[in-house]
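A.B. asks: I am attaching a structure below and will ask some questions about it afterwards.
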Amino acid sequence: MVNVLWIGMFLSAIVAALYHLIFFNDISLFNKITEAIFKNAQAAVDISIGLIGILSFWLGILKLVEESGLSEAISKKLYPLFKIIMKDIPQNSPAISTIVLNMAANFLGLDNAATPMGLKAMEQLQQYNTKKDTASDAQILFMIINASSVTLIPITIFMYRSQMGASYPTDVFIPILLATSVSTLVGFLSVAIKQKINLMHPIILKFFCGFILIICSLVLGFYYLSPAKRLAASAALGNIILLLLIGAIIAVCIYKKTHCYEAFVAGAKEGFNVAICILPYLLAMLVAIGVFRASGILDSFIDGIKYLCSSYNFDAKFADALPTAFMKPLSGSGARAMMIEAMQTFGPDSFAAFTSSIIQGSTETTFYVLTVYFGAINISKTRYALKYALLSDFAGIVAAILLAYMFYNN
């Protein structure tokens, strides 16, 4: 599937450029597409190099988790759940604690922390994979959960809305939380059904009910804060939890008499190798996305949707937010740029900007997650991972649009 999409993005862009040349005697599209190739190739290198520092830091912290015995303790507590949803993971596997830390970082919107933990979890899951070039069921489930990415505190979106002058930057908080919950729920349930996981098992029901309770409690807690206080509280909560987590890990290491510095350095050394391993996969996808964007096909598609909606007397104002929706699975930076562009074009308090913000927070960047997570461990056959990830994306985006209509007040 990835192979077909990659080829399709290149060929469709070339066909578009030829169409402009033959029928309009216009070569400008060739120039734009060529420029996009060089620009995005450089971007792939910059991203990979930029990841080295943060990857090394969090892989060092994860090494402390392993050396202190925290990894084994967490695994024992959660093994009953993962024994059901990830049948191939043996008891006391360090992969379980790494997965939990990754999910916690995603939940708090800490993308820089989540990625290294996710890469480490994929590497650990690869140890139990009998077909090294093919994604296992456990790896697919983990990737889907990351691609749908429940995010409680979308700090980055709040920041951009504030910078662009939105009257209430955090008014998208509850819609984003609901949309991303829909995305994750659809992704998990679809993969669970595919893998024949017993969803009615008491342990799964227990954890599911606990998750719903936590979400509802946090929503109510933030709901009664003023918009200004929500932004400050969201940012502060994320930073406090992050630093307390690091402090707790170090404290346990001290209690267990672990050599913290040596363990951290040993883990951090892996960061460079992981970043370099990611580069070819990231390069291939970013260049293809850049070429597709430069071709203008996306803009033509949006205009077509508007025309179709107006023909049937449907409200077409959501279409102005669709560039963010289309770019979100392909490129996180591209989708972020589309969201900002909507704020600049239509105003930060417009429906298009409001909807774009919810869409931006509803899911993770599917192709980035798939490319980086599977590319880091040299998996080329992703099986049904992309299909179900895109299904969860679609559910999250549809939910985001519907919630925008429900919550928008201007």
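A.B. asks: Looking only at segment 160-190, count how many residues are modelled with pLDDT under 85, among the aliphatic types (A, V, I, L, M) and not in a loop (DSSP other than H, G, I, E, B).
C.D. replies: Qualifying residue count, segment 160-190: 3.
A.B. asks: Considering each of ASN40, ASN92 in turn, give the residue that is assigned to a helix (DSSP H, G or I), out of contact with any His (no Cβ under 7 Å at 6 or more places or on another chain) and not aliphatic (A, V, I, L, M).
C.D. replies: Values: ASN92 fails: assigned to a helix (DSSP H, G or I).
It is ASN40.
A.B. asks: Of the conditions (1) of a type in the set (A, V, I, L, M, F, W, C); (2) modelled with pLDDT under 85; (3) over 30 Å from ALA342 (Cα atoms), ILE155 satisfies every one except a single condition; which number is it?
C.D. replies: (3)
A.B. asks: Related question: Take the residues of segment 100-139 that are in a helix (DSSP H, G or I) and small (Gly, Ala, Ser): which is modelled with the highest pLDDT? Lay out the reasoning, then the answer.
C.D. replies: Residues of segment 100-139 in a helix (DSSP H, G or I): 100-107, 111-126, 137-139.
Still in the list and also small (Gly, Ala, Ser): 104-105, 113-114, 118, 121, 138.
Values: ALA104: 67, ALA105: 66, ALA113: 61, ALA114: 71, GLY118: 84, ALA121: 86, ALA138: 89.
Looking at the filtered set, the residue picked out is ALA138.
A.B. asks: Among the numbered conditions (1) touching an Asp or Glu at 6+ places or on another chain (Cβ under 7 Å); (2) small (Gly, Ala, Ser); (3) free of Cβ contacts under 8 Å to residues at least 40 places away in the same chain, tell me where ALA319 comes up short.
C.D. replies: With respect to (1) touching an Asp or Glu at 6+ places or on another chain (Cβ under 7 Å); (2) small (Gly, Ala, Ser); (3) free of Cβ contacts under 8 Å to residues at least 40 places away in the same chain, ALA319 is out only on (1).
A.B. asks: If you don't mind, another one. Among the residues of segment 371-397, what is the count of those that are part of a helix (DSSP H, G or I) and either at pLDDT 85 or above or in contact with a Cys (Cβ under 9 Å, 6 or more places away or on another chain) (or both)? Quick ask: steps written out before the conclusion?
C.D. replies: The first filter runs over segment 371-397 and keeps only residues part of a helix (DSSP H, G or I), leaving 371-375, 385-397.
Adding the requirement that they be either at pLDDT 85 or above or in contact with a Cys (Cβ under 9 Å, 6 or more places away or on another chain) (or both) leaves 373-375, 385-397.
Residues flagged as part of a helix (DSSP H, G or I) and either at pLDDT 85 or above or in contact with a Cys (Cβ under 9 Å, 6 or more places away or on another chain) (or both) within segment 371-397 amount to 16.
A.B. asks: Would you confirm, using the coordinates I've provided, whether LEU18 is within 21 Å of ILE145 (Cβ to Cβ) and either surrounded by fewer than 19 Cβ atoms within 10 Å (Cβ to Cβ) or at pLDDT below 90 (or both)?
C.D. replies: Working: within 21 Å of ILE145 (Cβ to Cβ): no; either surrounded by fewer than 19 Cβ atoms within 10 Å (Cβ to Cβ) or at pLDDT below 90 (or both): yes.
Spelling it out, it is not the case that LEU18 is within 21 Å of ILE145 (Cβ to Cβ) and either surrounded by fewer than 19 Cβ atoms within 10 Å (Cβ to Cβ) or at pLDDT below 90 (or both).
A.B. asks: Name the single residue that is nearest to ASN129 (Cα to Cα) among those in segment 65-85 being crowded, with 23+ Cβ neighbours inside 10 Å and at pLDDT 75 or above. Steps first, answer last, please.
C.D. replies: The first filter runs over segment 65-85 and keeps only residues crowded, with 23+ Cβ neighbours inside 10 Å, leaving 65, 71, 85.
Right, trim to at pLDDT 75 or above and you get 65, 85.
Numbers: VAL65: 23, ILE85: 16 Å.
The qualifying residue nearest to ASN129 (Cα to Cα) is ILE85.
A.B. asks: Does ALA353 fit the bill of being under 24 Å from LEU386 (Cα atoms) and part of a helix (DSSP H, G or I)?
C.D. replies: Working: under 24 Å from LEU386 (Cα atoms): no; part of a helix (DSSP H, G or I): yes.
Against the criterion (under 24 Å from LEU386 (Cα atoms) and part of a helix (DSSP H, G or I)), ALA353 does not qualify.
A.B. asks: Looking at segment 379-410 only, could you name the residues that are surrounded by fewer than 23 Cβ atoms within 10 Å (Cβ to Cβ), within 22 Å of VAL191 (Cα to Cα) and of a type outside the set (A, V, I, L, M, F, W, C)?
C.D. replies: Hits for segment 379-410 are SER380, LYS381, THR382, ARG383, TYR384, LYS387.
A.B. asks: Take the residues in segment 349-378 that are small (Gly, Ala, Ser) and within 14 Å of the chain's Cα centre (by Cα); name whichever of them is surrounded by the most Cβ atoms within 10 Å (Cβ to Cβ). Break it down into steps so the answer makes sense when it comes.
C.D. replies: Keep residues of segment 349-378 that are small (Gly, Ala, Ser), which gives 350, 352-353, 356-357, 361-362, 375-376.
With the extra rule that they be within 14 Å of the chain's Cα centre (by Cα), the set shrinks to 361-362.
On the way: GLY361: 28, SER362: 34.
The selected residue is SER362.
Here is a yes/no grid of residues against (1) over 22 Å from the mean Cα position of the chain (by Cα); (2) polar (S, T, N, Q); (3) on the phi < 0 side of the Ramachandran plot:
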position: LEU279; (1), (2), (3): no, no, yes
position: LEU282; (1), (2), (3): no, no, yes
position: VAL287; (1), (2), (3): no, no, yes
position: ILE297; (1), (2), (3): yes, no, yes
position: SER310; (1), (2), (3): yes, yes, yes
position: ALA316; (1), (2), (3): yes, no, yes
position: ASP320; (1), (2), (3): yes, no, yes
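A.B. asks: I need the full set of residues from segment 236-279 which are of a type in the set (Phe, Trp, Tyr) and under 23 Å from VAL100 (Cβ atoms), in order please.
C.D. replies: TYR255, PHE264
A.B. asks: Can you report the number of residues in segment 175-203 which are surrounded by 17 or more Cβ atoms within 10 Å (Cβ to Cβ) and of a type outside the set (Phe, Trp, Tyr)?
C.D. replies: Of the residues in segment 175-203, the ones surrounded by 17 or more Cβ atoms within 10 Å (Cβ to Cβ) are 175-188, 190-192, 197.
Those left that are additionally of a type outside the set (Phe, Trp, Tyr): 175-187, 190-192, 197.
Number of matching residues: 17.
A.B. asks: Mind counting the residues in segment 305-332 that are within 22 Å of PHE367 (Cβ to Cβ) and assigned to a loop (DSSP other than H, G, I, E, B)?
C.D. replies: Of the residues in segment 305-332, the ones within 22 Å of PHE367 (Cβ to Cβ) are 305, 321-332.
Subsequent filtering for residues that are assigned to a loop (DSSP other than H, G, I, E, B) retains 328-331.
Counting residues in segment 305-332 that are within 22 Å of PHE367 (Cβ to Cβ) and assigned to a loop (DSSP other than H, G, I, E, B) gives 4.
A.B. asks: Just give me the residues in segment 77-105 being under 24 Å from TRP58 (Cβ atoms) and of a type in the set (D, E, K, R), in sequence order.
C.D. replies: LYS77
A.B. asks: Confirm whether ALA294 is over 26 Å from VAL182 (Cα atoms), surrounded by 23 or more Cβ atoms within 10 Å (Cβ to Cβ) and not polar (S, T, N, Q). Explain how you work it out, then say what you get.
C.D. replies: Working: over 26 Å from VAL182 (Cα atoms): yes; surrounded by 23 or more Cβ atoms within 10 Å (Cβ to Cβ): yes; not polar (S, T, N, Q): yes.
Here the answer is yes, as ALA294 does meet what is asked.
The values are calculated or read from the model by the stated rules, or taken from the named source; none is laboratory data. Quick caveat, the model's predicted, so the values are computed rather than measured. When we count neighbours, we look across all protein chains shown, and the Cβ atoms used for this are built from the backbone with ideal geometry, even at glycine.
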